[in-house]
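Working notes for the structure below.
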């Protein structure tokens with residue numbers, strides 16, 4: 001029973017950190033770093049570097065930069081594009097570390113799984129932000145940004161304290177995302193169509 005509980009906890013930490021990294025990587029680093037350094041979270045040795053004060057300070061600085069950038073329409077999407085090359089690799093690294101002291105094969109498998117999960121949640125976040133940016137008012141960006149931060153902190157808390165519940169919710173998230181993908185894609189196309197119209201670069205039909 002203990003082995004089963006340990007496996008469940010490890011799987012929840014692995015999927016939880018990867019999923020949350022795709023949404024807000026720096027919030028994840030802060031939560032794990034502060035939680036590990038204060039003894040609230042028992043991190044695997046492979047993730048102990050997150051408890052270092054320099055890591056916590058660096059994560060905090062970039063978190064507050066993202067906190068500001070994430071609330072400006074347009075800038076938030078540019079930030080997401082740049083972080084495609086940050087969140088996904090980081091999700092893979094965190095997932096591999098969350099797996100703990102395992103064989104190289106399992107570590108690679110955990111990294112691949114984590115990278116895929118981070119890519120999934122990152123795509124959902126970036127696509128949703130593109131959809132929100134079709135609206136001219138900034139209030140929706142603020143609401144989305146704060147909601148994402150709360151979602152990351154709340155999701156990690158559930159993963160650490162109620163692993164089975166988190167895994168059920170994560171499965172529901174994957175199913176929901178599969179259902180939403182076609183709609184998100186249509187929204188992305190709408191966003192780019194509106195952008196090209198705004199910039200005046202749409203193709204002009206030749207006069208008859």
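Values as computed for the structure displayed
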item	result
Contacts under 8 angstrom Cβ, first residue in region 58-72 being in contact (Cβ under 8 Å) with a residue 24 or more places away in the chain, partner surrounded by fewer than 15 Cβ atoms within 10 Å (Cβ to Cβ) and in a helix (DSSP H, G or I), 6 or more apart	71/142
Some residue of region 111-129 being over 13 Å from the mean Cα position of the chain (by Cα) and assigned to a loop (DSSP other than H, G, I, E, B)	no
Residue in region 181-198 that is at pLDDT below 80, surrounded by 11 or more Cβ atoms within 10 Å (Cβ to Cβ), out of contact with any helix residue (DSSP H, G or I) (no Cβ under 7 Å at 6 or more places or on another chain) and under 30 Å from residue 10 (Cα atoms) present	yes
Flag for residue 50 being surrounded by 13 or more Cβ atoms within 10 Å (Cβ to Cβ), free of Cβ contacts under 8 Å to residues at least 24 places away in the same chain and closer than 26 Å to residue 112 by Cβ	yes
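Yes/no matrix, rows are residues, columns are (1) surrounded by 23 or more Cβ atoms within 10 Å (Cβ to Cβ); (2) modelled with pLDDT under 95:
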position: 2; (1), (2): no, yes
position: 8; (1), (2): no, yes
position: 28; (1), (2): yes, no
position: 34; (1), (2): no, no
position: 55; (1), (2): no, no
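The values are calculated or read from the model by the stated rules, or taken from the named source; none is laboratory data. The model shown is predicted, which means the values in this text are computed figures rather than measured ones. Reconstructed Cβ throughout: ideal geometry from the backbone, glycine too, with neighbour counts over all protein chains shown.
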